[in-house]
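The values are calculated or read from the model by the stated rules, or taken from the named source; none is laboratory data. Nothing here was measured: the structure is a model prediction, and the numbers come from that model. Quick reminder, even Gly has a Cβ in these numbers, built from the backbone with ideal geometry, and neighbours come from all protein chains shown. To get the accessible areas, we keep the full protein, side chains included, count just its heavy atoms, and leave off ligands, DNA and RNA. Shrake-Rupley method; radii C 1.70, N 1.55, O 1.52, S 1.80 Å.
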Amino acid sequence: KSLRIGLIPGDGIGREVLPAAQDAILAVGSSIPKTEFISLDAGFECFTKHGEALPQETVQALKNECDGALFGAVSSPTRKVTGYSSPIVALRKQLDLYANIRPVVAIASPGERGSKVDLIVVRENTECLYVKQEQLITTSEGVKATATRVITKEASRRIGKMAFELALGRPRKHLTIIHKSNVLSVTDGLFRETIRGIPLSDKQYTEVTVAEQIVDSAVYRLFREPEIYDVLVAPNLYGDILSDAAAALVGSLGIVPSVNAGDKFVMGEPVHGSAPDIAGQKKANPLAAIRSAALMLRYMGYPDGADRIDNAVNEVLRRGEILTPDLGGTSTTEEVTNEVVKRI
Ligand code: NAI
Ligand code: MG
């Protein structure tokens with residue numbers, strides 16, 4: 001049986017880095033089944049052309065024709081554009097990809113602060129403020145904007161279980177629950193208590209040590225002593241922010257991958273966005289997208305293929321000769337990609 005992988009390049013550098021991920025998968029050869037790619041449309045340009053940011057054909061093809069998928073990045077304007085809504089947020093919901101798993105690992109260069117980083121941010125992917133129930137209310141007294149934040153016990157429980165399982169499989173077996181329940185005792189309180197309760201009500205996870213940290217001090221400690229973290233589990237917004245912060249510690253957003261995972265489907269996605277500041281300049285670092293392809297293969301049950309890609313990427317990073325400008329190099333997206341492909 002062959003593998004069918006949906007490719008959603010999106011906008012900006014998403015279109016430059018997804019072909020790199022595709023090349024890496026093709027280079028893996030016999031470690032995975034023969035792979036077919038299905039190109040799918042979504043994003044802001046898709047919206048301006050066709051009037052929808054996430055065509056139903058894309059969702060249907062992912063659901064019915066694909067074994068896995070890779071998403072590049074999309075541009076979402078910061079101003080409100082009528083009718084537009086971020087397709088990645090919608091895709092995560094429609095495919096029930098409830099976990100965003102973001103491993104952040106330092107490039108091995110002993111002595112540097114970043115070199116101690118080896119952690120995974122497990123971000124809840126379906127609720128929190130990203131339910132996007134916002135309102136603008138104008139009254140005689142003034143203008144008020146509100147947003148609803150949704151935390152459910154069920155979603156907290158399943159993301160918590162995923163985080164415990166991940167922690168169990170790692171050498172340090174340490175889990176940190178990120179929250180702000182000193183202020184938001186109802187919503188973050190439910191998140192925290194539900195995850196705290198998992199080892200009492202379910203599988204015991206006796207080997208996993210559990211800590212917790214208020215989100216702001218978690219960012220502080222992440223920068224001062226990143227080595228204390230192993231697996232972090234966080235509600236959607238905190239997880240989004242923490243993982244970009246962690247990316248800064250390891251040198252660039254351009255090397256941090258993720259997967260959006262549900263119980264039945266997985267979609268790889270670099271953590272970075274469409275980077276309009278460097279789009280079209282051949283400067284985009286393809287390594288985050290390539291690592292996302294490896295992570296996708298790992299979650300699809302092809303660890304050998306994933307290892308081959310990861311080892312090649314790590315080798316290129318360790319040698320430090322062929323790198324894009326974000327890592328201090330002068331090479332292009334294509335040159336870095338070719339170097340990885342050669343090593344695979
Ligand atoms: P960004 O992640 O696109 O860029 C932040 C900074 O990191 C920029 O200076 C960029 O040049 C650099 N950077 C990011 N990826 C890089 C790579 N692969 N190689 C080299 N440098 C890289 O975040 P920004 O600028 O805040 O957002 C730009 C657009 O992307 C916005 O429209 C935003 O909505 C969208 N976005 C989309 C995401 C997604 O599709 N999942 C995630 C984050 C942002
Ligand atoms: Mg983000």
The Cα radius of gyration of the chain, divided by 2.2 N^0.38 Å with N its residue count, comes to 0.98
Ranking T82, G160, G51 by how far each Cα lies towards the positive end of the charge dipole of the chain (+1 on Lys and Arg Cβ, -1 on Asp and Glu Cβ), the top one is G160
Set K49/K80; K93/K153; K161/K203; K80/K132; K93/K132; K116/K282 screened for pairs whose C-alpha atoms are more than 20 Å apart: K116/K282
Compute the distance from the alpha-carbon center of the stretch 254-294 to that of the stretch 35-86, in whole Å. 15
With a ≥ b ≥ c the root eigenvalues of the C-alpha gyration tensor of the stretch 196-344, is it rounded (a/c under 1.5), prolate (a/b larger than b/c) or oblate? prolate
Sequence of T152, T78, T209 from largest to smallest accessible area, 1.4 Å probe: T78, T209, T152
Per residue, how large is the accessible surface of the stretch 66-158? Use a 1.4 angstrom probe and give square angstrom. 51
Give me the percent of accessible area attributable to carbon and sulfur for the chain, probe 1.4 angstrom. 51
Between R170, R319, R158, find the one with the highest GNM mean-square fluctuation for the chain; connect C-alpha pairs within less than 10 Å. R319
Per DSSP helix of 4 or more residues, -39500 (n - 2.57); summed, then divided by the residues of the chain. What does that give at 222 nm, rounded to the nearest 500? -12500 deg cm²/dmol
Estimated dipole of the chain in Debye, rounded to 20 [Cβ of Lys and Arg +1, of Asp and Glu -1, Cα centre]: 480
Using alpha carbon centroids, what distance separates the stretch 140-183 and the stretch 307-341, in Å? 34
Which of these, I255, I214, I101, has the largest mean-square fluctuation under a Gaussian network model of the chain (Cα springs below 10 Å)? I214
Please compute the per residue accessible area over the stretch 221-344 with all protein chains in place, 1.4 Å probe, rounded to a whole number of Å². 39
For the stretch 1-54, accessible area per residue (1.4 Å probe, heavy atoms of protein chains only), Å²: 44
